[in-house]
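Written below as structure tokens is the structure these notes are about.
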Amino acid sequence: MPLTLRLEPRSKIIVNGAVIENLGAATSLAVHNNAKILKDKDVLTEADANSPARRVYYALQCAYLFEQGRGEYVALFDRLAGEYLEAAPSARTVITEVRGEVAAERYYAALRACRKLMDHESERLECAPSAA
């Protein structure tokens, strides 16, 4: 059964590393084979990877999209996840889940789980006292 994607005008998706933008009216696409796909709402640019959890997500995103450099990106993910865990031990459950998905080579599932890490970070920052 094909994956159906609905693209709004000016929205973008990444398919196997290629950025595709819908320049016309809303449209639907059917993907009939296995492909690495991210919709624009799930894409994090390098410039937007501006916090520890976002850098972890960005490393995973690159591992998912770019098979040729996957080993390097997975190693970077592991280092960054370890640093995050050292700074925030309360993230152990989330990082364990993400690492399990990476170990099973389910990179898209790892990205979805990594969203919880970004939520964890946001929650901790909201609770942190502001510097005056």
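The values are calculated or read from the model by the stated rules, or taken from the named source; none is laboratory data. Keep in mind it's a predicted model, so treat the numbers as computed, not measured. Reconstructed Cβ throughout: ideal geometry from the backbone, glycine too, with neighbour counts over all protein chains shown. The protein model used for the area step is the full one, side chains on, heavy atoms only, and it has no ligands, DNA or RNA in it. Shrake-Rupley method; radii C 1.70, N 1.55, O 1.52, S 1.80 Å.
Before moving on, here are some points about what is shown:
- Qualifying residue in segment 52-67 (condition: of a type in the set (S, T, N, Q) and within 26 Å of GLU8 (Cα to Cα)): yes
- Pair list, Cβ under 8 Å, 6 or more apart: segment 62-81 residue open to solvent by 40 Å² or more (accessible area, probe 1.4 Å), other residue in a helix (DSSP H, G or I) and of a type in the set (Ser, Thr, Tyr): PHE66/TYR73
- Put simply, of ALA49, ALA25, ALA35, ALA30 the only residue that is in contact with a strand residue (DSSP E or B) (Cβ under 8 Å, 6 or more places away or on another chain) and in a loop (DSSP other than H, G, I, E, B) is ALA35.
- For segment 53-132, the helices (runs of 4 or more DSSP H) that sit wholly inside it and include 1 or more residues that are of a type in the set (Asp, Glu) and more than 22 Å from VAL43 (Cα to Cα) are 70-87, 107-127.
- Taking the listed residues ALA47, ALA53, ALA59, ALA110, the one that is touching a Phe, Trp or Tyr at 6+ places or on another chain (Cβ under 6 Å) and closer than 26 Å to VAL19 by Cα is ALA59, with no other qualifying.
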